[in-house]
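The values are calculated or read from the model by the stated rules, or taken from the named source; none is laboratory data. Note that the structure is a prediction, hence the values are computed from the model and not measured. When we count neighbours, we look across all protein chains shown, and the Cβ atoms used for this are built from the backbone with ideal geometry, even at glycine.
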Amino acid sequence: MNQSGAQGNSRQGANANHSSRNCNRWSLDRALINAMNDLIDLGGWKTDNGQFKNGAYAKLEILMKEKLPECDKKAKPHIESRVKLLRKQYDAIPEMLSPSASGFGWNDEGKFVTCPQSVWDEWIKSHKNAAGLRNKPFPFFDDLGKIFGKDRDVGNEATNVYDVLEEMDEEEQEVPESIESINLTPIGNPTGHSSSPTTTTSRTKRART
């Protein structure tokens, strides 16, 4: 092969790599979540316990290809494993905010869990699915709540993070002003800026007695 031919192949390879890099994790997750919403809207693809039925991942592969043609992720192992990981991470958040836990907070603008390091160190010992979620934005949380939120049981009560946040708001209204002014759980600065000009909203769950 002559030098010009080798250079041409090199450029083609570089372009292919560039295209692959453009298919980043955020784009993949956005396409996957949109595909899951479409699948749910179609109906008939979820079991009574909220799991996807057989054939659902193959259907997701088709829907993702329509939304993101440059990515060629397959139903197995790519899409199935990613859905399961996103579900585990999503489920870990309501568990941290549930009545059975204490010391955790939720930054609603940055979409991440907050807590002191000591609380986190103890929690992660027995809750491996929460790894990496402290102070780390989980940008698709609200979208996943529409997909997974109603499927989760915490303790003996069916709940989701929206129920927990509503309960936290009610608790805040019941706390005397002198106590309300105390910042019991520090909220880290969220990354980036809010897309809305309204005041930043953040919730901190108080320790339960």
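With respect to ALA58, determine if the residue is surrounded by 15 or more Cβ atoms within 10 Å (Cβ to Cβ) and among the hydrophobic types (A, V, I, L, M, F, W, C). Write out each step before concluding.
On the way: surrounded by 15 or more Cβ atoms within 10 Å (Cβ to Cβ): no; among the hydrophobic types (A, V, I, L, M, F, W, C): yes.
In short, no.
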Notebook entry, point to check: Hey, among the residues in the range 114-125 that are free of Cβ contacts under 8 Å to residues at least 24 places away in the same chain and buried (at least 17 other Cβ atoms within 10 Å of the Cβ), which one's farthest from TYR90 (Cα to Cα)?
Noted result: VAL119
Notebook entry, point to check: Among all residue pairs at least 6 apart or on different chains, which show Cβ distances below 8 Å where the first residue, located in the range 87-105, is more than 14 Å from GLY145 (Cα to Cα) and the second is at pLDDT below 95 and of a type in the set (S, T, N, Q)?
Noted result: SER98/THR159; GLY103/THR185; PHE104/THR185; GLY105/THR185; GLY105/SER202; GLY105/THR204
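Quick grid of which residues meet (1) at pLDDT 85 or above; (2) in contact with a Phe, Trp or Tyr (Cβ under 6 Å, 6 or more places away or on another chain); (3) not in a helix (DSSP H, G or I):
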residue	(1), (2), (3)
ALA16	no, no, no
GLY44	no, no, yes
ASP48	no, no, yes
MET64	yes, no, no
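What about ILE40, is it closer than 26 Å to PRO137 by Cα, of a type in the set (Val, Ile, Thr) and surrounded by fewer than 18 Cβ atoms within 10 Å (Cβ to Cβ)?
Numbers: closer than 26 Å to PRO137 by Cα: yes; of a type in the set (Val, Ile, Thr): yes; surrounded by fewer than 18 Cβ atoms within 10 Å (Cβ to Cβ): yes.
Taking the combined requirement at face value, the residue satisfies it.
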Checklist line | Search result, residues across the range 25-42 that are at pLDDT 90 or above and among the small types (Gly, Ala, Ser) | finding: ALA31, ALA35
Check: If we keep just the residues of the range 126-145 that are of a type outside the set (A, V, I, L, M, F, W, C) and in a loop (DSSP other than H, G, I, E, B), which is surrounded by the fewest Cβ atoms within 10 Å (Cβ to Cβ)?
Finding: SER126
Margin query: Could you check the range 66-107 and list, in sequence order, the residues that are surrounded by fewer than 17 Cβ atoms within 10 Å (Cβ to Cβ), among the charged types (D, E, K, R) and part of a loop (DSSP other than H, G, I, E, B)?
Written below: GLU70, ASP72, LYS74
